[in-house]
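The values are calculated or read from the model by the stated rules, or taken from the named source; none is laboratory data. No experiment lies behind these values; they were computed from the predicted model shown. Neighbour counts run over all protein chains shown; Cβ positions are idealised from the backbone, glycine included. With ligands, DNA and RNA removed, areas are computed over all heavy atoms of the protein, side chains included. Shrake-Rupley method; radii C 1.70, N 1.55, O 1.52, S 1.80 Å.
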Amino acid sequence: MADQLSIQSHSALAGRKTVKTDNYRQKELFPAGKIILRGNSEDTAFRAALEKALAVKHLSLTSTNAVTLNKHQTLLWLGPDESLLWLKQEQVQDTINVLRQALAQLHAAVIDVSDYYTILCIRGENALPVLAHGCPLDLRDKKFPVGSVAQSHFRNAAILLYRAKTTYHVQVRRSFARYLWDYFIEINNRLTN
């Protein structure tokens with residue numbers, strides 16, 4: 001019998017400290033679990049299985065939409081057959097087991113991508129100008145209101161951008177995390193000086 005591997009997650013930004021200025025805050029959301037859910041969002045059986053597994057009622061999976069399921073879980077719509085669940089890292093394995101059991105008889109997939117991405121959280125008066133500097137999306141309130149989700153890029157890095165009430169969450173591949181972290185700080189410093 002093969003020995004089991006013990007995999008320990010570590011921050012993609014180990015050694016980097018939270019940035020706090022009068023007009024800007026930047027931190028890594030770590031540890032954070034991330035689960036891709038694949039299945040037809042228009043299929044009532046798929047939605048019903050998700051609702052049961054995630055213990056929510058009337059789940060709406062629509063374009064550019066994020067649904068906060070509870071204090072520790074947010075479901076982000078990525079496309080007609082793909083959503084992303086953000087949750088506490090310690091909930092990942094149990095949630096995957098519940099989802100796989102609920103979706104077992106359906107054409108669906110549940111994939112743990114927790115170690116592939118990290119999430120940067122930025123807020124404050126300078127958050128929008130920092131993002132606008134390298135992201136081609138129109139991020140004004142009318143076009144990108146609270147609860148919006150979009151896949152885009154920031155300079156050379158592919159990102160997933162989610163706008164919460166007071167914070168922008170930027171999911172990026174771990175290999176680009178330091179690049180994005182440093183670039184955000186550089187832009188904020190230019191805006192402040």
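Key figures
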item: Distance (nanometres) between label positions extended 7 Å along Cα→Cβ at residue 68 and residue 91; result: 1.3 nm
item: Spacing of the two label points (7 Å from each Cα toward its C-beta) at residue 116 and residue 60, in nm; result: 2.9 nm
item: Restraint check, 17/88; 20/142; 20/143; 27/165; 88/143, Cα-Cα greater than 25 Å; result: 20/142; 20/143; 88/143
item: Per residue accessible area in Å² of the range 79-134, where ligands, DNA and RNA are left out and the probe is 1.4 Å; result: 51 Å²
item: Area of residue 16 that stays accessible when all protein chains are in place (1.4 Å probe, Å², to 10); result: 80 Å²
item: Farthest positive-ward along the chain dipole, Cα basis, beta-carbon charges - from 65, 188, 80; result: 188
item: Whole-percent carbon and sulfur share, accessible surface of the range 101-193, 1.4 Å; result: 50 percent
item: Cβ-Cβ FRET estimate between residue 186 and residue 82, R0 fixed at 41 Å, reported to 0.05; result: 0.80
item: Lys/Arg +1, Asp/Glu -1 at C-beta; the chain dipole; positive extreme among 111, 154, 26; result: 26
item: Exposure rank, largest accessible area first [77, 86; 1.4 Å]; result: 77, 86
item: Computed FRET value (nearest 0.05) for residue 100 with residue 153, which takes r as the C-beta separation and R₀ as 22 Å; result: 0.10
item: Computed E for residue 133/residue 30 - FRET, C-beta separation, R0 22 angstrom, nearest 0.05; result: 0.35
item: Heavy-atom accessible area order for 184, 30, 176, largest first, 1.4 Å probe; result: 30, 176, 184
item: Fully extended contour minus Cα-Cα distance, from residue 143 to residue 43, at 0.36 nm per residue; result: 33.2 nm
item: Cα centre as origin, Lys/Arg/Asp/Glu Cβ charges: the range 1-137 dipole, Debye; result: 460 debye
item: Longest to shortest principal axis, alpha-carbon extents of the chain, angstrom; result: 58, 48, 28
item: Added length on full extension, which subtracts the Cα-Cα distance from 0.36 nm per residue, residue 52 to residue 18; result: 8.5 nm
